[in-house]
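For reference, the structure is listed below as structure tokens.
The values are calculated or read from the model by the stated rules, or taken from the named source; none is laboratory data. In this text, all values refer to a predicted model and were calculated from it rather than measured experimentally. Positions of Cβ are generated from backbone atoms using ideal geometry, with glycine treated the same way; all protein chains shown enter the neighbour counts.
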Amino acid sequence: MYALTSGAMRYMDEYSIAAGIPSCVLMENAARGLADEIVLRFGNKDTSILVLCGSGNNGGDAVAVARWLMHYGYTGVKLYFTGDAAKASKEFVRQAQLLIKAYPNVEFGRLCKGDSVGIIQGKYDLIVDGMFGIGLNRVLDAENTRFINYINTKQAFKLAVDIPSGINATTGLIMSAAFKADMTVTFGNYKTGMFFGAGREYCGEVKLVDIGLVESAYANITDRLQVLDRDFFEATRGAALVTRKETGHKGTFGTVGIAVCSNGMMGASILAAKAAYRAGCGLVKIFCPAKYIGFFNVSVPEAVVVPYKSDDVLSAYEIFAKGVDAMLIGPGLREDEAGRLLVKQVLAGKTPAVFDAGALNIMSKNMKMLRKRKCPCVITPHLGEMAKLCGEEIKTVARNRIPLTQKFSDAFNLSMVVKSDVSLISINAENGEQKLFLNTIGNSGLATAGSGDVLAGVIASLIAQGNTLNNSLLYGVMIHGAAAEKFATDEDSKRRMMAGDIIDKLF
């Protein structure tokens, strides 16, 4: 399933309507699907329900939901109109007329006679939010801000129609105020804003309803995001990753090389080395200053430590690179002259490479290094590193991560993951086709020092074992997230997770 921007979702609707599916049919499918979710959670027909309706199509969806609930026999449904009647959409008007004709005694505050204030002040088991939909791209005015903030104080289960009102459906930003949902039922596709910014927090549990959109429209949407979840992972990894041969030896499963410079953070390299082993490679070699031999021998006794002298880095690295199948550079790398020299050497070689952390910061100061590279590679920046690579503020990258990632990946012809609580992956195929993915596997336990070093080690290990760079990147991210889910099954275990715990749960 895909996650789409608000613009792409509107295109899907328009395409489907032009293909012969009336808008009212799409709305009915959406409303019935949402009503069925309510029935599953609130089986008692006496459940008190407040439905908040704006004047757009999102409000029309909400009105249709109320009608379906009444059709199912729910007796405690009340509606409240929050929009401007003069700006009501055709679909809202159609749905309001259908509701009132079918149930003339319905309480519909501000549209029908009755105590509108009393409706709002009442106590409810469920509040349904249909005030603003995916088209919201402006900051809410003071009146709507106050109203949403008031609704958030009410004690009830809160359910959003398609997207919580006040959340930008593309960026996840809060447009002054936002409905704090316990659950969001979204239609057709996930919205990208559900995963970015405040979207995850404000959407709560997300349910997806198929409303019958025409699938051929996806081919015309270049910024669609394939959502990576457990089902996708389990269904595809067997075919995507190289099978491990029972007759193999350590050379069969590849060698990962890790480049280290003086005065860096050695712990990061250790974590990456251990992760590479746990992810299945046969051997890890660590290229480091001679003074660190003992340090690595004690910390990672399984690794082969290859020392170099400060005045012989180039010739020593040339020999080292011939004995590895994949290079990893960046974890713990210091941004000094030695670090810059190592990055240049890896970029100038032909060994497949993973660039992370310090290596990315070094490249950000001279992007010609990356553009003129000879090695096939992937990069793994977090938002801050991506901001440096793009020459932008972090907040700018956070708000525009999809187009910026597309542009950067295309401009430098490489695959990459932009790490965050939900990571964005761009895969560039050999035929020039670019595909975007959104990883939802993992949890907040990954927000710990060294987690990124573990991921880099996993990706390098998969490359060394003979997997393509693209599959190594894509499945490395999912394997990393799955390990976190194995370790952390509740809030306490998420809180205590360390990078070493992720390593222990790989595969």
Residues of segment 325-357 that turn out to be touching a residue at least 60 places away in the same chain (Cβ under 8 Å), of a type in the set (Val, Ile, Thr) and buried (at least 24 other Cβ atoms within 10 Å of the Cβ), as a count: 3
Filtered residues of segment 358-382 (kept if in a helix (DSSP H, G or I) and surrounded by fewer than 17 Cβ atoms within 10 Å (Cβ to Cβ)): 368, 371
Members of segment 78-108 found to be surrounded by fewer than 23 Cβ atoms within 10 Å (Cβ to Cβ) and touching an Asp or Glu at 6+ places or on another chain (Cβ under 8 Å), listed by number: 78
Residues of segment 424-442 satisfying the condition of being over 21 Å from residue 400 (Cβ atoms) and either surrounded by 21 or more Cβ atoms within 10 Å (Cβ to Cβ) or at pLDDT 95 or above (or both): 441, 442
Yes/no for residue 61 being surrounded by fewer than 22 Cβ atoms within 10 Å (Cβ to Cβ) and of a type in the set (Asp, Glu): no
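Residues are listed down the side, and each one gets a yes or a no for (1) of a type in the set (S, T, N, Q); (2) under 24 Å from residue 377 (Cβ atoms):
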site: 215; (1), (2): no, no
site: 222; (1), (2): yes, yes
site: 225; (1), (2): no, yes
site: 229; (1), (2): no, no
site: 232; (1), (2): no, no
site: 235; (1), (2): no, no
site: 249; (1), (2): no, no
site: 263; (1), (2): yes, no
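May I ask you to say which residue of 262, 176 is in the same structural domain as residue 499 (by TED's automatic domain parsing) and of a type outside the set (Val, Ile, Thr)?
Residue meeting the stated conditions: 262.
Among the residues in segment 214-223, are any surrounded by 21 or more Cβ atoms within 10 Å (Cβ to Cβ), charged (D, E, K, R) and under 15 Å from residue 6 (Cβ atoms)? Walk me through it before giving the result.
Quick first cut of segment 214-223, residues surrounded by 21 or more Cβ atoms within 10 Å (Cβ to Cβ) only: none.
For segment 214-223, residues surrounded by 21 or more Cβ atoms within 10 Å (Cβ to Cβ), charged (D, E, K, R) and under 15 Å from residue 6 (Cβ atoms): absent.
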Matching residues in segment 174-203 - criterion: being under 15 Å from the mean Cα position of the chain (by Cα), closer than 22 Å to residue 156 by Cα and assigned to a loop (DSSP other than H, G, I, E, B): 198
Tally, over segment 204-243, of residues that are assigned to a helix (DSSP H, G or I) and of a type outside the set (Phe, Trp, Tyr): 14
